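Here the structure is laid out as structure tokens; the discussion comes afterwards.
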Amino acid sequence: MQSLLLARGRVIDPASGFDSVADVAIRDGKIAAIGHDLPRSPADRIIDAEGCIVSPGLIDPHVHLREPGHEYKENIETGSLAAVAGGFTTICCMPNTSPALDTPELVRFIHDRAAATGHCRVFPVAAATKGRHGEELAEIALLSAAGAVAFSDDGDCVPTAGMMHRVLLTVAGTGKVFMQHCQDPSLTRGSAMHSGEVSVRLGLTGWPRLAEEIVIERDIRLNRATGCRYHVQHISSGGSVDLVRAARAAGQPVTAEASPHHLLLTHEACDGYNTLAKVNPPLRETSDINEIRAAIADGTITVLATDHAPHSFDEKSLPFEEAPMGMVGLETALPLYREALIDTGAITWPRMLAMLTIEPAKLCGLDRIGLGMLKVGGPADITVIDPDAEWTIDPAVFVGRSKNSPFGGRHVRGRAITTISRGAVVFDLQAQGQAADSRG
């Protein structure tokens, strides 16, 4: 394996608090040294990182890879390729596949496919109920032993209090986290977008904030005596923020994540029946964005996650009510987070990187194997970021299989230029550009 030296970058390791211009030496898939003016001669390749940030490899705990069952939208190979192009070295895939990831055999299948075709680390999140139907508990202990890093029925909410209580009790026994898709189905039947003036103008059934908030409030109450690690996925409502903040203040093991689109776009992006802006939970209003950013700034929300949700062009071309919900996010997340959080002054680079590295690593127990941090002797999963690289988002050139993003044409700053997984360069922006030029 080629030995590498990342030279003269701003090395930021939120886990340890290290933040200094330094070199990072990589050998045999591990970090061999971090320091100033490390010797150049042992390195087979020197990567000049001057003016760039050298970070632990980014981690996304909420990604849809569509394998098995919907590989025409995405699969482990193409989704992990999109991940490394966006600077992610670890992704956790959701269980709303066909069949759902609800057996130990399917959990092992994801691990095997990732080992054979993945460009980065891929960890499965298993279903909490069989088929994700919310009616019968999945074999949670066996799924955990097979390698599930978390549990969720994502795409659907565990609908009843009785089943949710059983899920929390059982997942608590594994020590792993339950990730809730917070949506009361009785309040969202036929809903296509946020309930507000835009939905009224378009003649579409509205999706109220209460559908999210009521599930969070129910689950927090259920979990008071259970103590399960409970995580709110893709938070969209300012009211939800208040509930999470109060639970954390009371000492409950509650965390939450925010996605790029819920930090930048409002329901107005759906105007003109723009299906690219149709997501679950829906885009809401400026007041909600402000509350979510404030919650990130004060530490209420600790994780950033894309909810990368690929769909085909034909599916997104259906009438608004019929088109599937979701957008891709892996290849554009970093600059969008910069725009939403750093450019607005909400947080700094070190804090944002913590939310993209050590915080999701802790959430999914991946810190135990050294992920989410830069540590001598630890795995060399590293992202080199040019924080000021200016570029225009063009979905046509995405390397992922699906292109469904509403951010096409947006001018952004910040980009992963080199992604290193297990000590090997798996993405090199400069080399990719040169290859494109030679084809052109």
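For the chain, the longest principal axis of the Cα atoms and the long axis of helix 161-174 meet at an angle of about 30 degrees.
Would region 310-426 count as rounded, prolate or oblate if I go by the C-alpha gyration tensor, calling it rounded below 1.5 in a/c and otherwise prolate when a/b exceeds b/c, oblate otherwise? The shape class here is prolate. When the charge dipole of the chain is built from unit charges on Cβ atoms (+1 for Lys and Arg, -1 for Asp and Glu) and taken about the Cα centre, the candidate among P56, A258, A83 whose Cα reaches farthest toward its positive end is P56. Which listed residue (M325, A309, A295) has the Cα farthest towards the positive end of the charge dipole for the chain, taking +1 on Lys and Arg C-beta and -1 on Asp and Glu C-beta about the Cα centre? Selected residue: A295. As a length-normalised measure over Cα pairs under 8 Å and 6 or more apart, the relative contact order of region 57-369 settles at 17 percent.
The charge dipole of the chain, taken about its Cα centre with unit charges on the Cβ of Lys, Arg, Asp and Glu (plus for the first two, minus for the last two), comes to roughly 800 debye.
Relative contact order for region 143-195: 45 percent, from Cα pairs under 8 Å spaced at least 6 residues apart, divided by residue count.
Annotated for region 57-369: lysine pairs at least 8 residues apart or interchain, Cα distance under 22 Å, count 5.
Could you check how many percent of all C-alpha pairs in region 57-369 are farther apart than 25 Å? When every Cα pair of region 57-369 is considered, 45 percent fall beyond 25 Å.
Express in whole angstrom the spacing between the alpha-carbon centres of region 382-400 and region 303-358. About 13 Å separates the Cα centre of region 382-400 from the one of region 303-358. Computed from backbone phi, the HN-Hα couplings of region 334-343 come to 4, x, 5, 4, 4, 4, 6, 10, 8, 5 Hz, rounded to whole numbers (Karplus: 6.51 cos²θ - 1.76 cosθ + 1.60, θ = phi - 60°; Gly and Pro given as x). For region 288-440, averaging the sequence separation of C-alpha pairs within contact (under 8 Å, six or more residues apart) and dividing by the residue count gives a relative contact order of 22 percent.
Can you tell me the FRET efficiency between S98 and D37 if r is taken as the Cβ-Cβ distance and R0 is 60 Å, rounded to the nearest 0.05? Approximately 0.65, to the nearest 0.05.
Roughly what % of DSSP beta bridges within the chain run antiparallel, to the nearest 5?
Values: 31 of 62 bridges.
Within the chain, antiparallel bridges account for around 50 percent of the total.
With a Förster radius of 35 Å applied to the beta-carbon distance between Q432 and M325, the computed FRET efficiency rounds to 0.70.
Length gained on full extension, R368 to H111, computed as 0.36 nm times the residue gap minus the Cα-Cα distance: 90.7 nm. Note on the chain: GNM, Cα springs under 10 Å; of D307, D112, D156, the largest mean-square fluctuation is that of D112. In this simple spin-label approximation, D271 and F18 carry label points 7 Å from Cα along the Cα→Cβ vector, and these lie 4.9 nm apart.
The numbers here are math on the coordinates, done by the rules we state, and not lab data. Treat the numbers as computed from the prediction; the structure is a model and nothing was measured. Glycine gets a Cβ as well: all are built from the backbone with ideal geometry, and neighbour counts include every protein chain shown.
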